[in-house]
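Values in this text are rule-based calculations from the coordinates and carry no lab data. Just so it is clear, the model here is predicted, and its values are computed rather than measured. Note: ideal-geometry Cβ built from the backbone for every residue, glycine included; neighbour counts use all protein chains shown.
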Amino acid sequence: VSIIVAILGEFGVPFAIRSGGHSFLSGASNINGKISIDLSRMNAVKLADDNRSVHVQPGATWAEVYKAIEPHNLTVVGGRAGAVGVGGLVLGGGSSWHSNRYGWVCDSVQEFEVVVFGTVLRASHRENQEVFWALKGGGNNFGIVTALRLATVHQGDLLLSTRDYSQGQLTDVLVALEEFTDNAPNDLDTSLIMSFLPAKNRKGIQIGLGIVNVNNNHNASGLKHFSNLPDSGRHTSSMKQSELADLANQVQDRGSRKIKFSITVHNKVVVLDKLVSTFKNFCSTLEPETVVGPYLTFQPLTTSHIRGRDNALGLSNVAQPLILVSLEMYWTTAEKSDIFHEAARDVHDAMSRHAELLAMLHPFVFLNYAASWQKPFDGYGREYHRLKSVQESLQRKYDPDNIFNDLIPGGHKLFPAHWQCNDVDGTLR
Ligand SMILES: Cc1cc2nc3c(=O)[nH]c(=O)nc-3n(C[C@H](O)[C@H](O)[C@H](O)COP(=O)(O)OP(=O)(O)OC[C@H]3O[C@@H](n4cnc5c(N)ncnc54)[C@H](O)[C@@H]3O)c2cc1C
């Protein structure tokens, strides 16, 4: 990898870096007519002799990692969908079914190997500490990660419980979500994702809930917040983490073109309710046969997940839990792309405005879910400045001509590159 980068730098050829290729951004991990460095065959997974960590190459998928270490009753704090790549998810922070106990996925990295321009560096608590910190949330701004050492944790079967609720239960469901999120530090093994989608007849919405207890505990206290709510459909089963990850892959087969954005709000029913009603109005404006979705998702960012963590995401001092809100939709025809991008942006603006008016908008924007027009690093607060100074000092030392930044236009940038990728088709402009 270091030789390829040095050659591309020598000839000034723009390039892209790809691990699993699951970014929602056009041009983030490929590049029209230039060079894409595809790491998907750098996918080795090797358990350490003492079983306490696993050495992973960035092109491995999470399913490959789970399947390799599951026979030892081990797992890592990793992505939920098996097909997603290790590289991109970790560099954006990464949220996991294990995050309520162990924090972001990047918090479980013990060491990175990273190619900074032509130089291979190791970054850990012991060496290149600032680079180590910056890679935990700094995206592709610092180099190409070529290997990671991840801490392992004990893992047997997990419990997955999915439930469906009707629109009439919205308030009760949101109250249960608020209580669950506030109380999450009392049950570190349970986490959830709540989703909203248009009802089949497009009149109103459906509500879905997926709760996972990583200890396979059917009586976990986190589950009790929803136990008094009658549901219109329920399925509960125990499974291996790799099976759960395979199941989660289903959400990616929804269409070849897509957009996703994310905002963060405080954990209060009043704002969540407003966001759902904005979503409902939005759904009614879309022609159903042209679009898959949209899907609105709420994920708790519990205090045990975010507080006191040593990463670049800027949330380690947050005292109250937050809710990560994301909206995504999928379609197939290129002609509709401009329309859907604009519509998504409008609903993003409306949601942000409502949350702001209620004084419940938090500036954090999750890098892994951010749309091309969002500015996730602005939301990192003062950590943004620290990230920039890490990048500047690396540049002075290893890349005085600032080739790395300028030659990789894709993905969210700390410093804008000369080239930028078109939102819709990823071409350079
Ligand atoms: C079905 C699905 C499920 C998801 N589930 C989760 C989830 O549970 N938790 C979560 O946090 N996110 C989740 N995501 C979002 C996901 O984390 C991001 O889309 C992530 O960027 C994908 O990583 P990748 O390696 O597959 O993607 P890529 O498109 O290959 O990479 C994404 C970005 O990272 C950069 N990059 C990749 N590898 C490297 C490297 N080795 N060195 C430097 N830069 C690199 C790329 O240049 C690109 O900008 C999900 C996405 C999908 C589609």
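Listing for the model above:
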item: Pairwise label distance in nanometres, D310 with H154, each label 7 Å out on the Cα-Cβ vector; result: 2.5
item: Paramagnetic label zone (point 7 Å from Cα along Cα-to-C-beta, H218; backbone N under 14 Å) in the range 168-202; result: none
item: Compactness of the range 187-242 as Cα Rg over 2.2 N^0.38 Å, two decimals; result: 1.31
item: Computed FRET value (nearest 0.05) for E179 with S277, which takes r as the C-beta separation and R₀ as 22 Å; result: 0.55
item: Within the chain, helix-based [θ] at 222 nm, where runs of 4 or more DSSP H residues each add -39,500 (n - 2.57), nearest 500; result: -8500 deg cm²/dmol
item: Neighbourhood charge, 14 Å Cβ-Cβ cut-off, centred on A184 and excluding it, Lys, Arg +1 and Asp, Glu -1; result: -2
item: Value of Rg to Rh for the range 157-285 (Rh from inverse mean 1/r over Cα pairs, i.e. Kirkwood); result: 0.96
item: Filter on K260/K280; K200/K224; K336/K413; K34/K136; K260/K375; K258/K336 - keep pairs with C-alpha separation over 19 Å; result: K200/K224; K336/K413; K34/K136
item: Length released on extending from K200 to S337, taking residue separation times 0.36 nm less the Cα-Cα span; result: 47.0 nm
item: In Å, descending, principal axis extents of the Cα set of the chain; result: 63, 52, 36
item: Low-density loop positions, GluC sites (Glu not before Pro), the range 41-140 - DSSP coil, at most 11 other Cβ in 10 Å; result: E127
item: Amide H contacts of A371 (H built 1.01 Å from N, under 5 Å, at least 5 apart or other chain); result: S262
item: Reciprocal mean inverse distance between Cα atoms of the range 105-217 - Kirkwood radius, Å; result: 17.7
item: 16 Å cut-off, amide nitrogen to a point 7 angstrom out along Y398 Cα→Cβ, residues in the range 44-72; result: 58
item: Backbone N under 15 Å from the S227 label point (7 Å along Cα→Cβ), restricted to the range 90-128; result: none
item: Peptides ranked, highest mean first, by Cβ atoms within 10 Å: ranges 1-7, 56-62, 318-324; result: 56-62, 318-324, 1-7
item: Shape parameters for the range 1-61, alpha-carbon atoms, Rg then Dmax in Å; result: 14.5, 46
item: Gain upon complete extension [A319, S256; 0.36 nm per residue less C-alpha separation]; result: 18.7 nm
item: For the range 334-419, the Rg and Dmax computed from alpha carbons only, in angstrom; result: 16.3, 46
item: For the range 293-306, 3J(HN,Hα) per residue [Karplus equation, 6.51 cos²θ - 1.76 cosθ + 1.60, θ = phi - 60°, Hz, x = Gly/Pro]; result: x, x, 10, 10, 10, 10, 10, x, 9, 6, 5, 5, 6, 9
item: Between helix 2-11 and the chain: long-axis angle, C-alpha atoms, 0 to 90°, nearest 10; result: 70
item: Separation of alpha-carbon centers, the range 1-66 and the range 265-327, rounded to whole Å; result: 29
item: Computed FRET value (nearest 0.05) for D38 with T119, which takes r as the C-beta separation and R₀ as 22 Å; result: 0.50
item: Potential lengthening between S238 and A6 on full extension [0.36 nm per residue; Cα-Cα distance subtracted]; result: 78.7 nm
